[in-house]
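S.K.: First the structure, which I've put down as structure tokens, then a few questions once you've had a look.
The values are calculated or read from the model by the stated rules, or taken from the named source; none is laboratory data. In this text, all values refer to a predicted model and were calculated from it rather than measured experimentally. Cβ sites come from the backbone with ideal geometry, for glycine too, and all protein chains shown count toward neighbours. Side chains included, ligands, DNA and RNA excluded: accessible areas come from the protein's heavy atoms. Shrake-Rupley method; radii C 1.70, N 1.55, O 1.52, S 1.80 Å.
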Amino acid sequence: MPAPIGGVRNWDYRYTWIRDAAYAVFALRRVGFGEEADAFLGWVLDAFEQSRSPRIMYTLLGDPVPEEIQDAELEGYRSSAPVRWGNGAADQRQHDVYGEVLDCADQWLRGGGDLQPALWSRLAELADTAARAWRQPDQGIWEVRNEGRVFTYSAGMCQVALDRTAAISERLGLPRQATARWRGEAEKLRQIILDRSWNEKARCLSEDLDGSGTLDASLLALPLRKVIPADHPRMAATTAAITERLSAGGGLLYRYLHDHSPDGLPGDEGAFLLCSFWLVDNLVMQGEIGRAEDLYASLCARAGPLGLLPEQIDPSTGAFMGNFPQAFSHIGIIVSGVNLARAKAGTQA
């Protein structure tokens, strides 16, 4: 569905995003679906291996996504035009893809899979690319349709690429020199993110490494990807800032504010549900179990009669907006639910 109704933010979502795959596999493992997780991981790695370069998304057959076109003959859902086929974001620069692919490979190995030498060689090259790429602007996790910025989340996922490559190298018993280099670069990039994105006046990490003080809810995902601990003072302050400044009311969060973070498209959008689940996870990791539980219950209560959630919610009416049903939102239900249950039981999340 469009976001909002009558707007132009209408996208063809019939593809597999690598970042979605990494989140989905993690969620599947959390609830015991190991075979399904392994099968999906195998598909992801096969698609990557067949590509000349890592792609942001693939068709169901693992092929490139078609070029985006507008269909003038269709009026769109409730007259929300244009209707699009294909997805122009497929050709964007999104540096988080390096971390997503390598996180998938790490999950694959930890689940008992193996990596053939040719695939490992390409993965190692990907890590070296990530070590350079984070310095350049990209379109980021939200796929902005302008020149982009040096997003903090993208730099964080480049850090994930280096960290996971070092872990894979250690697990495979490869030469210590290469492992130490990746590990060292990962730690250096972690500190760069903490230093350069921090804005002392705004008391938060910023959406970009310029330290602008502008917020983006994707910062809440940094502890989930083990880039920065949730209880680090700067991350805790950022969590509080996002809760206040990106609030859409009723426990809902905007992913960013369009007046402060232009994305190259006209109009506004609804609250992005996954961001609220990320907030649940941060609250759990910061020991705020009661607040996390209340927020989680309120989010689950927003599901429709079939128990399904959309990508976005209209804060003023509670109406569903955006992709429906949305994998990200249901991944949030699974992961946050498990984290909450384990925290209440006193076991490791």
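S.K.: Take the stretch 25-61 and flag every residue that is in a helix (DSSP H, G or I) and on the phi > 0 side of the Ramachandran plot.
M.R.: Selection gives nothing.
S.K.: OK, next. Give the residues of the stretch 157-191 that are part of a helix (DSSP H, G or I), touching a residue at least 24 places away in the same chain (Cβ under 8 Å), over 17 Å from residue 99 (Cα atoms) and not charged (D, E, K, R), sorted by residue number.
M.R.: Listed by number, the list holds a single entry, 178.
S.K.: Can you pull out every residue in the stretch 221-264 that is of a type in the set (Val, Ile, Thr) and part of a helix (DSSP H, G or I)?
M.R.: 238, 239, 242, 243
S.K.: Looking at the stretch 311-349, which of the residues that are in a loop (DSSP other than H, G, I, E, B) and in contact with a Lys or Arg (Cβ under 9 Å, 6 or more places away or on another chain) is surrounded by the most Cβ atoms within 10 Å (Cβ to Cβ)?
M.R.: Here the residue is 322.
S.K.: Could I ask something else about it? Scan the stretch 62-74 for residues that are of a type in the set (Asp, Glu) and assigned to a strand (DSSP E or B) and jot them down. Explain how you work it out, then say what you get.
M.R.: Looking only at the stretch 62-74, we keep the residues that are of a type in the set (Asp, Glu), and these are 63, 67-68, 71, 73.
Residue satisfying the conditions is 71 alone.
S.K.: Given the criterion touching a Pro at 6+ places or on another chain (Cβ under 6 Å), open to solvent by 30 Å² or more (accessible area, probe 1.4 Å), free of Cβ contacts under 8 Å to residues at least 60 places away in the same chain and not β-branched (Val, Ile, Thr), identify the matching residue among 92, 70, 136.
M.R.: Details: 92 fails: touching a Pro at 6+ places or on another chain (Cβ under 6 Å); 136 fails: touching a Pro at 6+ places or on another chain (Cβ under 6 Å).
Only one candidate qualifies: 70.
S.K.: Evaluate the following for residue 257: is it hydrophobic (A, V, I, L, M, F, W, C) and either out of contact with any strand residue (DSSP E or B) (no Cβ under 8 Å at 6 or more places or on another chain) or in contact (Cβ under 8 Å) with a residue 40 or more places away in the chain (or both)?
M.R.: yes
S.K.: For the stretch 53-70, what are the residues that are hydrophobic (A, V, I, L, M, F, W, C) and touching a Gly at 6+ places or on another chain (Cβ under 9 Å)?
M.R.: Start the filter on the stretch 53-70 by keeping residues that are hydrophobic (A, V, I, L, M, F, W, C), which leaves 56-57, 60-61, 65, 69.
Of everything in the stretch 53-70, those that are hydrophobic (A, V, I, L, M, F, W, C) and touching a Gly at 6+ places or on another chain (Cβ under 9 Å) turn out to be 65, 69.
S.K.: Out of 274, 224, I need the residue that is open to solvent by less than 10 Å² (accessible area, probe 1.4 Å) and out of contact with any His (no Cβ under 9 Å at 6 or more places or on another chain). Which one?
M.R.: 274
S.K.: All but one of (1) in a loop (DSSP other than H, G, I, E, B); (2) within 25 Å of residue 153 (Cβ to Cβ); (3) open to solvent by 50 Å² or more (accessible area, probe 1.4 Å) hold for residue 5; state the number of the condition that does not hold.
M.R.: (2)
S.K.: Within the stretch 210-220, which residues are out of contact with any strand residue (DSSP E or B) (no Cβ under 6 Å at 6 or more places or on another chain), among the small types (Gly, Ala, Ser) and not in a loop (DSSP other than H, G, I, E, B)?
M.R.: 218
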